[in-house]
Every structure is written in C-alpha cells, then in structure tokens.
C-alpha cells in the first residue's frame, strides 16, 4: 500500500514535469522562429553576393522559405525592410526549381528528406542556404541554426560559402561555429 | 606700505613681482591649455574607443551573443582609465557590462533611454561617453563608457608642483639678478635723493648730483635736476636781491607811513577818512580829542554820528564833492560825544587808488570855535568903534553947528553991517555946513568910512540955494552924480571945492540979474579916479587961464583944496566957465 502511494506520487510528479517541459518547449519554439526570422534578416546584412548573381533581381533581395511555414507572422516584420538599399522580399517556394531565384533560402526541417537534392541542385549556385537540422552544413549547406543553452546559434560552412563566391563578414563569422568541409 | 619703500626695494619688488606674475600667468595658461588639450584628447580617444567597440559588438547585439560582446567589452580593461563600459540594446537595456572595480553608480534604464544619443559629459570627475550603434541605417544599440579623469588630476598635480618648483627657482634667480642689476638704476637715484636731502637740509643750492653719463632716463633726470638746481640757485640770488630791495622798500614805506602817521597824529586839524558809503575808516587824535570819542567808538560808524547837519548822508555835499574832487573851507558843524555842536571849517577831497577808482573821502576840519569867538569879539569891538565914530561925527557936526549958529548970530544980529563981512560970514557958514553935512551923513549912514557923494551933493545944493536966495530964482543948479563914494578925507575938501566954485559962479557969472544954470557933474573914471565938473553958462571970462593965478580967497581956496585932493584942475571957457578936476578916490 505504501509502495503504491510512492509510485502515485512519483508518477504525478513526472507527469507534471513532462507537462511543464512541454509548455516551456512550446514557448521557446514560438520565440525560436521569431529569432530565426530576425537572424535571416541580419544575415543578409553581413553577406555580399557575387555581383553577377541574380542580375534581374534589381533592387530586391529575395528571401525564400522552403517547406513548412513555422514563422507564423514573424516574417512580416522583416518583409520589405531595406538591406543595403535593397528591399527584402520574402516569398515561399515550393519547388526546388524555384530556389535558383533566391538570395537566401531557408529550408524548414520539414524538408529534411529533400535536403540532399536541394543542396545538390544549388551546389554551384550563390544562394545562401540556411537550414535547421543536424548535418546540414556538412552536407553542403552554408548556414545552419541550432539551439544551444536555450539560444539560437548558427554554424557557417565557410569553405562552401567561399566556393559559392560569397563574402561573409568576419563579424558574422566570429559569432558562428565554422564548419569545414 | 609699498609706497614707503625705498627705490632699491621697490625695484627688487617690481622685478620679483613681475617675474612671479609672468610665471604664474604663463604656467596658469600652460596648465589650462594642457587640461583643455588633455580633456579634448581624452574625449576624442574615448569616443573613438566607443565607436570601435560599437562596431565590434553590433553583430553580437544583432545575434544576441552576449558572450562575445562581453569579451569585446572586457578587452577595454586594457585601456587605463576605463572605469565602466556598457553595451546597451536599442531598447536601452543593458546587454553586457564591464566594471574595473565595483561600480560607484550603475546606469538606470530611464537614464539610458534618455541618453541614447551621441553625447559626452563629465560627471563626478569622470568622462561619460554614449555612442549609438547604427548599422545599415538602423539603430542596433549603444555603447556607454565611463572614463576616469583621475589621471588628469594626477597630471595636474604634477604640473602644478613642477610649476611651483620652477617658479620658485625662477623667482629666486630673478631676485638675485634684480638685486645685482637694480644697482645700475638705484645707485644714481639714491645719489640724486642724497643730493636732494642735502640741499633741503643745508639749503645749499650750489650742490650738484653726480651724473652717470649713460644717456638713459636717469642720466637725463640727473642732468635735468642739476640744471633745475642751477636755475633755483640763480633765482635764489635774484630772490635775495629782491627781498633786500623789498625790505628796503618796506622800511622806506614804513618810515614814510610813520612819517605820514606822525603828521596825521600831530595834525592840529581833525582828519576823518570815510568810504563812499559814509563809513568812518580812519580818524586822527585831533578828531578824538575834539569830539571826545575813542577811536573804536568812531571807526565803522556812519558819518552822521559826527556831521549833524547832514541828516541824509548821501546828500548833495557828498555828490558834489565826488563830482568836484574836493571842497574847501566850507562851514560845517561837528557833533561831539557829549552833544556839543562844534563849528568847523571843513575841507574834503576824494581819494583815488592806482586805478583811479574812488577809494574814499578824506575830510579835514579845523575847529572854528576860537575863531568864531574872536570874530564875534572883533565884530563887537567894531560895533563899539562905529558907535564911537558916529558919536564923534555927531559931536563934530554938533560943534560945527554951534559954530554955524555963532556965525549966524554974528551975521544977523546987526552988529556987522558991512555987506562984505556979512557975505564972508555967510560963505564961512556954508563952508562949515559943507563939512558938517558930511559928518552928519556919515553918522546917519551905516557906512562910516565913505559917503554917497551924489546924495551929499543934492543935499548940499539945496543948502546953497537956501543960502543964496538971490540967485535961487534965476540960477538953477543941476546935479549929475554917478554912484560915487568918497571917504571923509576926500569928501570934505571936495565939498568945500564945489562950494567955492558954485559961490564963485553965483557971484561972477550971472551979473545984472542974468538967468543961468550951474551944472555939477561927478563921475568915476578908471583907476579909481573921479572927475568933478562945475560948469556955468554965465558970462565967462576972456582970460580963463588967469583964474588959476588969481589971488582972491575963493580961488586960493580952490587951488589949495585941489592940492589937498592931490588932483589936477583947469578952467575952460566954453559959453561960461567950466572947472574940470581929476582926483583920486
């Protein structure tokens, strides 16, 4: 009888802990995409694309979102913002063929399975690919988000970026985990 | 205090003070400049530091990398003076911070928000710099650095100490140098003041100061001083001569004044000097004695106190006197203190100064009391003599009347029957009457010395007519006499002469009852001479000249009387006989 009571107590405590953890994890997730949206915007400020890249883009800088839209309305805050005299255009892409028309491409972890194909398609391109899954940069992605100490951090594949003709500011590089191929 | 110092010490003080002031001003300027420059440099340095830090942490701010930002900010510890540093988010919240030691005061959020501008300010001796971090035209956050200025104060302290040591050494050097150099200035001045002292004490203007012959201002001063003393010496000599002359002149004036004062004092006449307003200024002893006053009782008083008969002082006599300049010997009456009225013979003269302005009036008066009394006595005596003289004339006339009476009795009592004798008696009566009439007229008139001869003649003609009645009806006597006055010595012989001439004409000019006229004229001529003309229009004479040599009594009388009158006469035949005689009055 006593053992049964102890069992119930721990069971209840565990359940509460799980519940609290879930609630907390939910909040972080919501903040996470807000932060990621901001970071995507800030990335554009520290990256120089080759001058011949997307010559028809004019004064617009395209940020493409591939996969599930986890941002909710977070991207609205950065939509149409000016980045070095260019207007930031956020647009969702559904087809990998459309990814060529992006300056920066965020690939949601929902597209985990399509990553190799996407990256392969863009391996000669100067599109800045941003992912949020383990092994992304090792597989040819340029920037990858990850969570550390409850904070959004990012990795940068400097070699890939360099090969893609991108110039990433040292300021950004100093903050990132540099991944070598 | 400084004013009383000698030139020597003044020079040292001036040099030392000037040097000290110059040093202080120089160092003050230098330190001020240094502080300002240091501040400016520090400010610019800290602002640069803030800018660089801002640039370094902007990515950290954007990507919320506090660790990296903290690394950056902590690196500021290498910069001495950085006390605190803050990285602020664009919302004004502290992103990360660094403190060299425990913070004196931390930033509060409202303050941060307010200060989110590019600014710098000093607070509590620290330089505070805010720098806004702008990236791609967007605010990212801010850097705040608090920089301690302690170093500046240490530096300032060091500067002041250095300045003090250098200034002290410089002042010491200035003091030593000025002590040595001031001799070149102070020695000639001291020599000059020494000479001045000696001249003042000894009054010896022959002393001269030594001239440095350097040609500078002190040399000019010394030479100028010598020249001045030389002039003073000359002036001194001139002055002495002048003083001597002046002393002589004063003595002379004093003697003259004494002399004049003595004269005035010893004057028998009174002397009063008055102003034009009639105020008595000066009186002499004679005045005081006469009027029985003391000097202080008269000086300053108005003149009516003395001159009683001038009720209105500014009367005619003063104006008259000023106009004429002087009046002499007018009779006035002075009033003495005891009320006596003293007759005086007054003379006044206006006194002028060197500019011919009226200075006053000098009044001199002589006491006339004795003289008046003497005059009165003399008048009295004269009156007595006149009475006596009249009495004598009266008595003579009475005596002559007595003789006339005797002769009349002798002629009319019949004791004498000879017509010639009677005629002689009558003539004698008339002759005596002519004299008696003169005496009579003299005692009847006021004038005892002379008689109005015209009046006498008229009276005498009546007498003659009475005496010679025979002729009265046919011979008229016309008398024409001017205003002629004769004394008794002339009148008596003149009367007798006229009598003789008229009787002569009665007797000889009108025979056989002829009618005629006898004119008697007496008139004055010049030089106190008078002329007597007795003229008849009778038968005349062939040889008139013989009359003067005739031996008749009448004619002899005529001749004798003319001589008595010391005159001249002549007989002229002109429709009768005319006697003309010229006599002195």
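Every number here is computed from the coordinates shown, using simple stated rules; none is lab data. The shown structure was predicted, so the numbers you read here are calculated from the model rather than taken from an experiment. Virtual Cβ from ideal backbone geometry, glycine too; neighbours counted across all protein chains shown.
A few remarks follow.
- Gain upon complete extension [residue B:208, residue B:391; 0.36 nm per residue less C-alpha separation]: 55.4 nm
- Partner chain coverage, peptide A:145-155 - average Cβ within 10 angstrom: 1
- With neighbours defined as other Cβ atoms within 10 Å of a residue's Cβ, the residues B:164, B:68, B:147 order from fewest to most as B:164, B:68, B:147.
- For a label point 7 Å along the Cα-to-beta-carbon line of residue B:326, residues of the stretch B:347-366 with backbone N under 16 Å: B:347-353, B:359-366
- Estimated [θ] at 222 nm from DSSP helical runs (n ≥ 4, -39500 (n - 2.57)) normalised by residues in chain B, nearest 500: -19000 deg cm²/dmol
- Rounded FRET efficiency, nearest 0.05, which uses the C-beta distance separating residue B:417 from residue B:447 and R0 of 41 Å: 0.40
- For the pair residue A:148 and residue A:173, a Förster radius of 25 Å applied to the C-beta separation gives a FRET efficiency near 0.90, rounded to the nearest 0.05.
- Cα centroid separation - the stretch A:30-98 against the stretch B:157-217, whole Å: 91
- Distance (nanometres) between label positions extended 7 Å along Cα→Cβ at residue B:240 and residue B:541: 10.5
- Summary of packing: across the peptides A:56-69, B:168-181, B:249-262, the per-residue average of other C-beta atoms within 10 Å ranks them, highest first, as A:56-69, B:168-181, B:249-262.
- Between helix B:488-508 and chain B: long-axis angle, C-alpha atoms, 0 to 90°, nearest 10: 40
- Among the residues of B:57-65, the average count of other protein chain beta-carbon atoms within 10 Å of the residue beta-carbon is 6.
- A Förster distance of 35 Å, applied to the separation of the beta-carbon atoms of residue A:87 and residue B:101, puts the FRET efficiency at 0.10.
- From least to most packed, judged by other beta carbons within 10 angstrom and beginning with the fewest, B:36, B:368, B:541 follow the order B:36, B:541, B:368.
- A simple spin-label model places the labels of residue B:28 and residue B:336 9.4 nm from each other, with each point 7 Å out along Cα-to-Cβ.
- Prolate/oblate/rounded call for the stretch A:31-179, Cα gyration tensor, a/c under 1.5 rounded: rounded
- Seen through its C-alpha gyration tensor, with square-root eigenvalues sorted a ≥ b ≥ c, the protein assembly as shown comes out prolate because a/c lies at 1.5 or above while a/b is bigger than b/c.
- Spatial offset of the stretch A:110-181 relative to the stretch B:414-485 amounts to 202 Å, using the alpha carbon center of each.
- Anisotropy class of the stretch B:367-493 from Cα gyration tensor, a/c 1.5 cut: oblate
- Peptides ranked, highest mean first, by Cβ atoms within 10 Å: ranges A:130-139, B:214-223: A:130-139, B:214-223
- Relative contact order (percent, whole number), chain B, Cα cutoff 8 Å, 6+ residue spacing: 6
- Amide N of the stretch B:3-34 lying under 11 Å from the label point, which is placed 7 angstrom from the Cα of residue B:221 along Cα→Cβ: B:7-8, B:11
- Put a dot 7 Å past the Cα of residue B:249, heading toward its Cβ, do the same for residue B:93, and the two dots end up 11.5 nm apart.
- Packing order of peptides B:282-289, B:57-64, B:359-366, A:72-79, highest average first: B:57-64, B:359-366, B:282-289, A:72-79 (average count of other Cβ atoms within 10 Å over each peptide's residues).
- Stretch gain in nm, segment residue B:383-residue B:3, where the contour uses 0.36 nm per residue and the Cα spacing is subtracted: 126.9 nm
- Peptide B:135-144 is shielded by partner chain Cβ atoms: per residue, an average of 2 of them sit within 10 Å of its Cβ.
- The stretch B:2-157: relative contact order as a whole-number percent, Cα under 8 Å and 6+ apart: 23
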